[in-house]
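Inspection log for the structure reproduced underneath, given as structure tokens.
The values are calculated or read from the model by the stated rules, or taken from the named source; none is laboratory data. Nothing here was measured: the structure is a model prediction, and the numbers come from that model. Note that each Cβ is placed from the backbone with ideal geometry, even for glycine, and that neighbours are counted across all protein chains shown.
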DNA sequence: TAGGGTAAGTTTTTT
DNA sequence: ACTTACCCTA
């Protein structure tokens, strides 16, 4: 015991007083308000390590994070801290969703889930909802599956069932539609033995709630495994608490009945409001948990002061903050660089070129990260990095697992585990072609709905669905095939199983037969999937098919190009939260990209966008570069961009503009005058040039042949009048001649694309 | 039933 | 731009 205590004290010796307080405080709930880079993960991991030193059983500790990445990082760091001293594997570390999935695998029968239930992603959800809407004769044109699912998701995030939807403040007809569909949707999921992401939380909370309510009543209460689960933990740690939504907060409470609770968060980094997260959660924590010890971490250990000053300049403009003063003693460092490029291709080339140079000079590729607001921006960058011969890791996005053939094979595997999963079964029933067409599937599906059973159940008795003899025969053949494959599960390892699936279903043969480049690529993707499975089996030798599928559905994709270990990281800012890098490139710093076009007229969302910018900037340790483009191909159209307001907020003392002028290139004196007044007038003076800016883009650079509409000379920024919409400003165009389309920003209507002949110059 | 062709919608962010 | 949905024909 004496050893344990000296160990504990040596651990905290390297911490500052506030961190130490967060680590050693015992006996009441702790709320740690931790600014970016203030060593919050350090505090958490040390707290866990210290708990182990004190003799707390690892399996009595629960650590919850928000993203899989953060969970992985947390586990790794705890392991590193405790290497050779403690058995850290038994600590529960995971995201809310993975923890719930784990609980439901064991205890899901209470909500109608078997231990092999499927987890539906948003594509799966949409296909279920589409059918639900059809069944209720609701036009999917007027009420999109996505839209209705959005309402359900909101409800689930707040722990509301179908009958509590009024509380969301929605009104008819959406209210009654959502209510009906919610019920049917849940019935369908239950019949499919499936849960969506929201269900993972909601089901778990229901089970734990019920267990606690009934505990005191029956004699068996104390033996209820769920009740025991809720009392299992002595210590619960929650990271990124500002991003929890009400249902997650309730889950935390339910899992910490007997536990000491330690939550960590930063109101300035709340970026999941759109997912139902409520910053108030962190503000109200002390009220919900009397006796809470509040600890503030304000010393930043990550970034140089130039970077911090930029971060502060951005976040300072938000209202309703708790307010923190971050400071750092790492020195000024390099100024934050601001660069304007011609288009997204040049932006990508620049980043790739710089990364190449840095790596050649000995920098670790892992120390470099490239951020963007939306996944759509990643492709060009990926492309240019590949050209520069740089390996990269792309987090999320249109992941490997989303590819058609990969989804197909995974659907097969999913069906082997849970044939009742209609979505997966429907996907593969006729792939490759087995002459089982829509008509047949629809008949079976209707029959299944009538009976309230799954499609698979209906397929096992094809004759009762009124199928023709030939169709019934084909179905029987398919059912037999699945039975055969299911018999193989558990008799061989996963990579082998996949090979059997691909062979016995004829999937590989079908691909191999149409001999074109595309199917060649698909075969290669299947090879890659097999490699993935081999890797998985090596890492977790005793894991089964269920474990693999759960990993795929919860962790989603991470694509790698080239060498896995030594790679530059590409990701959205959202997935960058909680991470840090020596060098960060923040790309696409243009209005309508970041801040995103959809939030421009919503001050509330704009504040969230600002926090997102704050998160992005504070990821950088030493070097930060913000890039933007004059024009960008977006949603299939070339848009002319103006610098993001977040760039305009940066203090000149801490920034350095490299290369081209940031103002939109003026075409005519008239446009130039407008440009200057429209943007921050002080902009020119705000920037310190360390070198003369390049000459402005030439006409040629800006797009070559400029369209002439009926002899009128067009230029960006010119005013045009539309009969119905009034005057607007020209921001871009495409096409030519009669099909010349103009993009015009109307003060009242927003951005519109109109045929040139409908407008005239002012 | 399948396959081709056209029309339409789609894109914020994550689990 | 890109994908999906639906419609029509073979």
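Overview of results
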{"item": "The stretch A:127-147, subset buried (at least 18 other Cβ atoms within 10 Å of the Cβ) and within 12 Å of DNA strand B (Cβ to nearest atom), residue nearest to residue A:176 (Cα to Cα)", "result": "A:143"}
{"item": "Of all residues in the stretch A:40-85 being part of a loop (DSSP other than H, G, I, E, B) and at pLDDT below 90, the one that is surrounded by the fewest Cβ atoms within 10 Å (Cβ to Cβ)", "result": "A:84"}
{"item": "Helices (runs of 4 or more DSSP H) wholly inside the stretch A:489-602 containing at least 2 residues that are loosely packed, with under 15 Cβ neighbours inside 10 Å and on the phi > 0 side of the Ramachandran plot", "result": "none"}
{"item": "Boolean, residue A:325 is touching a residue at least 24 places away in the same chain (Cβ under 8 Å), out of contact with any helix residue (DSSP H, G or I) (no Cβ under 6 Å at 6 or more places or on another chain) and exposed (fewer than 14 other Cβ atoms within 10 Å of the Cβ)", "result": "yes"}
{"item": "Which listed residue is out of contact with any strand residue (DSSP E or B) (no Cβ under 9 Å at 6 or more places or on another chain) and assigned to a helix (DSSP H, G or I), from A:376, A:355, A:313", "result": "A:313"}
{"item": "Any pair with Cβ under 6 angstrom, 6 or more apart, that starts in the stretch A:634-655 at a residue that is under 11 Å from residue A:338 (Cβ atoms) and ends at one that is within 16 Å of DNA strand B (Cβ to nearest atom) and in a strand (DSSP E or B)", "result": "A:644/A:590"}
{"item": "Search result, residues across the stretch A:388-420 that are out of contact with any helix residue (DSSP H, G or I) (no Cβ under 6 Å at 6 or more places or on another chain) and assigned to a loop (DSSP other than H, G, I, E, B)", "result": "A:389, A:391, A:398, A:399, A:418"}
{"item": "Top-ranked residue of the stretch A:270-304 - restricted to ones that are out of contact with any strand residue (DSSP E or B) (no Cβ under 8 Å at 6 or more places or on another chain) and not in a loop (DSSP other than H, G, I, E, B), ranked as surrounded by the most Cβ atoms within 10 Å (Cβ to Cβ)", "result": "A:281"}
{"item": "The one condition in (1) surrounded by fewer than 18 Cβ atoms within 10 Å (Cβ to Cβ); (2) away from DNA strand B (no atom under 16 Å from the Cβ); (3) not in a helix (DSSP H, G or I) that residue A:236 fails to fulfil", "result": "(1)"}
{"item": "The stretch A:353-387, residues that are surrounded by fewer than 17 Cβ atoms within 10 Å (Cβ to Cβ), within 22 Å of residue A:633 (Cβ to Cβ) and free of Cβ contacts under 8 Å to residues at least 40 places away in the same chain", "result": "A:353, A:379, A:383, A:387"}
